[in-house]
Amino acid sequence: MTEERESPACRVCGGRVQEFLDLGPQPISQRFREPGDTSEEFRFRLAAGQCRTCTLVQLVEEVPRGLMFRDDYPFTSSGSTYMSEHFAAVAKELVHTELTGPDPFVVEIGSNDGVMLRSMKDAGVRHLGFEPSGGVAGMARASGVRVLGDFFEEATARAVAAAEGPADVVYSANTICHIPYLDSIFRGLQALLAPDGVFVFEDPYLGDVVAKTAFDQIYDEHFYLFSARSVRAAARRFGFDVVDVRRLPVHGGEVRYTLARTGTRPPAPAVGALIAEEDARGLADPATLVRFAGETARIRDALVAELTALRRAGRRVTGYGATAKSATLLNYCGIGPDLLPFITDSTPSKQGMVTPGMRVPVRPPEAFADPYPDYALLLAWNHAEEIMAKEHAFRRGGGRWLRYVPDVHTV
Ligand code: SAH
Ligand code: TYD
Ligand code: ZN
């Protein structure tokens, strides 16, 4: 706790943000570097707080968006088979429930490599993705998806509304939580959404992050950690109602929120039910987040102790999945190549590079079995099912997964 610092103002309501967790100086989470590049890295203080008025959990310091979402942004959504299937199912559902009128129009915020819009294209639905990161936007275009290489915000949304008419659905996955300027997003939605249109978005859920002590969900890009209560408060300020919520098992636990213009649709019972559940769990209670911060420090100490003991015992440990989340984990815990000689990852643009800050080398997936380590630290823990199924030979050969969510344990 760092109560002595001056409380910043909530990005949405202007209320006082009370800091509850300081994860220290951190680099840009997905700025992988050439091994020979020893120039000084950008650092910022990664700290999270909660608004005492609207309960929204947010970062205390904002990283300029141009430092994160660049042409070399390495994350590609289609890297996970499970997630590709998830987004194909999202598209199918939207086509059958919301995009049923004549010449429907769907817009996606953060369309990345086109993982969702590909299905819209295949279904013959008029669509447009907003994607500022040039590399991934190019991948989407190569598969025939229409992409605007720009940030979604009020001005760009207005321009699209003027040129292409209103959108029946604006959809976004794992992107709205990346956008500090939520006021501009909502004003853009006001301009772009059809009168009876919906804004559907899914992001990591504060309830799951707290329940699993998944502190590595906090990093530069994840500016907000939403709950149903905080999303409803934000929506109301900008003329929207939360009309439905659905919990999702992806990425360690998310919620999909459906928003409509105030008064156009009655909220489903699930909305009130989830907010009541959040209240019963004390998600808006400062003491809950102080406890979360205490658990975070305990898990850090336990993981470092485990890795140190394994090294002393002469065991080989490698990392699995050079995620954005792992930047928080490695830099907060001080885990470098001495404790974790390398990490394997399926993303070609991360291979041959070193991780931000702690400079752990990233190697291609083939390095995992060459030979298998004694232990594999599962950094891409949100893809555990997919990865552990794919790598079944590792455990059959006596290897063990070292996990740290929801606590340090081996499998
Ligand atoms: N929707 C995909 C990608 C999530 S990664 C998925 O769920 O897998 C977040 C993406 O949002 C990145 O590709 C980033 O470039 C993009 N992004 C960041 N800010 C944005 C903004 N203001 N408008 C549109 N896209 C944005
Ligand atoms: P992810 O956890 O989806 O996101 P974030 O970077 O936002 O924390 O990233 C998954 C990473 O793990 C990505 O770099 C690809 C890698 N990966 C593998 O190496 N093998 C796999 O089988 C899967 C599913 C992912
Ligand atoms: Zn607030």
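Values quoted throughout were computed directly from the atomic coordinates according to the rules given, and no laboratory measurement underlies them. As the structure is a prediction and not an experimental result, all values here were calculated from the model. All Cβ positions, even for glycine, are placed from backbone atoms using ideal geometry, and neighbour counts span all protein chains on display.
Given the Cα-Cα distance of Lys390 and Glu93 and 0.36 nm per residue of separation, how much length would full extension add, in nm?
Stretched fully, the Lys390-Glu93 segment lengthens by 104.1 nm.
Give me the distance in nm between label points sitting 7 Å out from Cα along the Cα-to-Cβ direction at Asp301 and Ser346, one decimal.
3.8 nm
Write down, largest first, the equivalent ellipsoid semi-axes of segment 77-265 in whole Å, where each equals the square root of 5 times an eigenvalue of the alpha-carbon gyration tensor.
Gyration-tensor ellipsoid for segment 77-265: 23, 20, 16 Å.
Cut-off under 26 Å on the C-alpha distance; same-chain residues fewer than 8 positions from Lys390 excluded. Which lysines are left, in chain and number order?
Within reach: Lys212, Lys325, Lys350.
In debye, nearest 20, what is the charge dipole magnitude of segment 338-395 about its Cα centre with +1 on Lys and Arg Cβ and -1 on Asp and Glu Cβ, if you could check?
Value, rounded to 20: 160 debye.
At a Förster distance of 30 Å, what's the computed FRET efficiency of Ala9 paired with Ala280, Cβ-Cβ distance as r, to 0.05?
That pair, Ala9 with Ala280, gives E of 0.55.
Which value, to two decimals, describes the C-alpha radius of gyration of the chain once divided by 2.2 N^0.38 Å?
0.98
Kindly write out, for segment 156-163 in residue order, the coupling ³J(HN,Hα) from the Karplus curve 6.51 cos²θ - 1.76 cosθ + 1.60 (θ = phi - 60°), rounded to whole Hz, with x marking Gly and Pro.
6, 5, 4, 4, 5, 4, 5, 7
Between Asp150 and Arg316, what's the calculated FRET efficiency when r is the beta-carbon distance and R0 is 41 Å? Round to 0.05.
0.35
Run the dipole for segment 287-410 about the Cα centre, Lys and Arg Cβ at +1, Asp and Glu Cβ at -1, nothing else charged, and hand back the magnitude in debye, nearest 20.
It works out to roughly 200 debye.
Quick one: order Arg11, Arg52 by neighbouring beta-carbon count within 10 Å, fewest to most.
Sorted ascending by nearby Cβ count, the order is Arg52, Arg11.
Taking amide hydrogens as modeled 1.01 Å from N in the peptide plane, which residues meet the under 5 Å criterion relative to Gln18, leaving out close sequence neighbours?
So Gln18 has HN proximity to Gln50, Cys51, Arg52.
Name the lysines eligible as straight-distance cross-link partners of Lys121: C-alpha to C-alpha under 27 Å, and not fewer than 8 places from it in the same chain.
In chain and number order, the partners are Lys92.
Around Asp279, what is the net charge, scoring Lys/Arg as +1 and Asp/Glu as -1 over all other residues with Cβ under 10 Å from its Cβ?
Value of the local net charge: -1.
Would you calculate the separation in nanometres between label points at Thr308 and Ala369, each defined as 7 Å from the Cα along the Cα-to-beta-carbon direction?
It is 3.6 nm.
Can you list, bin by bin at 10 Å, the percent of alpha carbon pairs in segment 1-73, starting at 0?
18, 40, 27, 13, 2
Which value in deg cm²/dmol, rounded to the nearest 500, describes the helix-derived mean residue ellipticity at 222 nm for the chain, given -39,500 (n - 2.57) per DSSP H run of n ≥ 4 and division by the residue count?
Only helices count here, giving -9500 deg cm²/dmol.
Which whole-number percentage describes the relative contact order of the chain, with Cα contacts under 8 Å and a sequence gap of 6 or more?
In percent, rounded to a whole number, it is 15.
Sort out for me the Cα centre separation of segment 324-398 from segment 77-125, rounded to whole Å.
Taking the Cα centre of each part, segment 324-398 and segment 77-125 sit 30 Å apart.
Dipole magnitude of segment 77-265 about its Cα centre, charges +1 at Lys/Arg Cβ and -1 at Asp/Glu Cβ only, in debye to the nearest 20?
With only Lys, Arg, Asp and Glu charged at Cβ, the dipole is about 380 debye.
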